[in-house]
Amino acid sequence: MRRKVKRAGRVAADEIAFLERALHEAWNAQAWHGPTLRGSLRRVSAAEAARRPGTKRHSIWALALHCAYWKHRVRCRITGDESRFERGPSNFPAMPAAATDRAWKEDLALLDRTHAALLDAVRGLDAAELDAPAPRRSRRDQILGIAFHDIYHAGQIRLIRKLAAGRASPR
């Protein structure tokens with residue numbers, strides 16, 4: 001359902017505030033739906049983050065970098081920025097060669113920075129332009145999509161942690 005947004009006034013401000021709220025609830029709020037992305041990463045050690053739950057499965061660390069990459073891509077898409085993500089390859093950037101506590105903290109800081117930059121970009125948008133392609137989908141769809149992406153991967157991370165602790169069983 002699309003609603004027309006006035007160029008100025010309360011409706012436009014409400015639209016941007018709604019998108020900020022969606023990002024916040026997926027990221028680090030006390031959300032009704034369960035784990036948030038940042039919340040699911042709390043108290044995860046570097047060793048736990050680096051452990052793969054199975055052959056050809058992504059680790060928690062890989063998922064955190066993947067989320068940082070996509071936050072960067074969405075920010076670029078909604079602003080027209082053409083900068084490259086600071087790590088490669090795209091989609092699932094490589095983990096550091098040594099899975100140290102310091103490297104894990106640095107990559108969590110990278111995720112925090114990309115989220116903050118995305119929020120700043122959303123706050124700077126003109127609500128009248130939310131339906132404009134950014135590319136592929138509208139800016140609104142890109143922003144809501146990255147919030148849903150955070151929630152999806154937060155659930156994956158929680159499941160990986162439970163599997164590693166022996167509190168859940170794979171199929």
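The values are calculated or read from the model by the stated rules, or taken from the named source; none is laboratory data. Small disclaimer: the values here were computed from a predicted structure and weren't measured. So basically every Cβ, Gly included, is an ideal-geometry build from the backbone, and we count neighbours across all protein chains shown. The accessibility values were calculated without ligands, DNA or RNA, using every heavy atom of the protein model including side chains. Shrake-Rupley method; radii C 1.70, N 1.55, O 1.52, S 1.80 Å.
Kindly indicate the residue of segment 114-158 that is assigned to a helix (DSSP H, G or I) and free of Cβ contacts under 8 Å to residues at least 24 places away in the same chain and also farthest from Leu41 (Cα to Cα) among those meeting that condition. It would help to see each step written out before you state the result.
Here is the first cut: in segment 114-158, the residues assigned to a helix (DSSP H, G or I) are 114-123, 127-129, 139-158.
From the residues that got through so far, the ones that are free of Cβ contacts under 8 Å to residues at least 24 places away in the same chain too are 116, 120, 129, 141, 152.
Working: Ala116: 17, Asp120: 22, Glu129: 34, Asp141: 25, Tyr152: 13 Å.
Across segment 114-158, the extreme among qualifying residues is Glu129.
Conditions (1) open to solvent by less than 30 Å² (accessible area, probe 1.4 Å); (2) of a type in the set (Asp, Glu); (3) under 19 Å from Leu63 (Cβ atoms), marked per residue:
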site: Leu108; (1), (2), (3): yes, no, yes
site: Leu118; (1), (2), (3): yes, no, yes
site: Arg123; (1), (2), (3): no, no, no
site: Arg139; (1), (2), (3): no, no, no
site: Gln142; (1), (2), (3): yes, no, no
site: His149; (1), (2), (3): no, no, yes
site: His153; (1), (2), (3): yes, no, yes
site: Gln156; (1), (2), (3): no, no, yes
site: Leu163; (1), (2), (3): no, no, yes
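Report, by residue number, each residue of segment 16-33 that is assigned to a loop (DSSP other than H, G, I, E, B) and either closer than 16 Å to Ala64 by Cα or open to solvent by less than 30 Å² (accessible area, probe 1.4 Å) (or both). Those that are assigned to a loop (DSSP other than H, G, I, E, B) and either closer than 16 Å to Ala64 by Cα or open to solvent by less than 30 Å² (accessible area, probe 1.4 Å) (or both): Asn28, Ala29, Ala31. Across segment 10-42, the number of residues qualifying as polar (S, T, N, Q) and either touching a Ser or Thr at 6+ places or on another chain (Cβ under 8 Å) or within 22 Å of Ile78 (Cα to Cα) (or both) comes to 1. Of the residues making up segment 97-104, not a single one is surrounded by fewer than 17 Cβ atoms within 10 Å (Cβ to Cβ), touching a helix residue (DSSP H, G or I) at 6+ places or on another chain (Cβ under 7 Å), of a type in the set (Asp, Glu) and within 28 Å of Asp141 (Cα to Cα). Looking across Ala31, Ala62, Ala97, one residue alone is hydrophobic (A, V, I, L, M, F, W, C), out of contact with any His (no Cβ under 6 Å at 6 or more places or on another chain) and modelled with pLDDT of 95 or more. It is Ala62.
Just checking: which of the helices (runs of 4 or more DSSP H) contained wholly in segment 34-87 hold 2 or more residues that are buried (at least 18 other Cβ atoms within 10 Å of the Cβ), in contact (Cβ under 8 Å) with a residue 40 or more places away in the chain and over 17 Å from the mean Cα position of the chain (by Cα)?
On the way: elements: 37-40, 46-50, 60-79.
Filter on segment 34-87 gives 46-50.
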